[in-house]
Amino acid sequence: ALTLRPVGNATTVSQDVRVQNTGSQAVMFQVATASTGDWLNVEPRRGTLEPGAIQRLRVVGNAARLTPGAHRGTVTLQSAGGLTRTIGVIL
């Protein structure tokens, strides 16, 4: 799980997640987010990982339009080969 915690008067906060292709073939991937209030984003949303390559995904939370308190969401990474990983996110 990721915890995104804005500091001071900041309304946005980000954290990087790295994924690696440990296989011997290139793998296409896509990323989806889910959150109530549409505060969660991730870039890039899709791409191709070559064998041995590492891809940085930037997970961004924006608290500008949210009420105070904890807000939960998810980041789901899917590969063309059918592998799915979901990360819980708390802002």
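So, of the residues in the range 41-73 that are part of a strand (DSSP E or B) and aliphatic (A, V, I, L, M), which turns out to be surrounded by the most Cβ atoms within 10 Å (Cβ to Cβ)?
VAL59
Scanning the range 1-40 for residues being in a strand (DSSP E or B), more than 17 Å from THR86 (Cβ to Cβ) and small (Gly, Ala, Ser) gives a total of 1.
When the range 46-76 is filtered for residues that are of a type outside the set (A, V, I, L, M), in contact with a strand residue (DSSP E or B) (Cβ under 7 Å, 6 or more places away or on another chain) and farther than 23 Å from PRO6 by Cβ, the ones remaining, listed by number, are ARG46, GLY47, THR48, GLN55, THR76. The one condition from (1) under 24 Å from ILE90 (Cβ atoms); (2) among the polar types (S, T, N, Q); (3) in contact with a strand residue (DSSP E or B) (Cβ under 9 Å, 6 or more places away or on another chain) that ASN9 does not meet is (3). Restricting THR33, THR22, THR76, THR86 to those that are among the polar types (S, T, N, Q), open to solvent by 80 Å² or more (accessible area, probe 1.4 Å) and under 11 Å from the mean Cα position of the chain (by Cα) reduces the list to THR86. Going by the conditions given, is GLY81 over 17 Å from LEU4 (Cβ atoms), at pLDDT 95 or above and not polar (S, T, N, Q)? No; evaluated as a whole, the condition is false for this residue.
The values are calculated or read from the model by the stated rules, or taken from the named source; none is laboratory data. Bear in mind that the values here come from a model prediction, so they are computed numbers and not experimental data. All Cβ positions, glycine included, derive from the backbone under ideal geometry; neighbour counts span all protein chains shown. Accessible surface areas use protein heavy atoms only, side chains included; no ligands, DNA or RNA. Shrake-Rupley method; radii C 1.70, N 1.55, O 1.52, S 1.80 Å.
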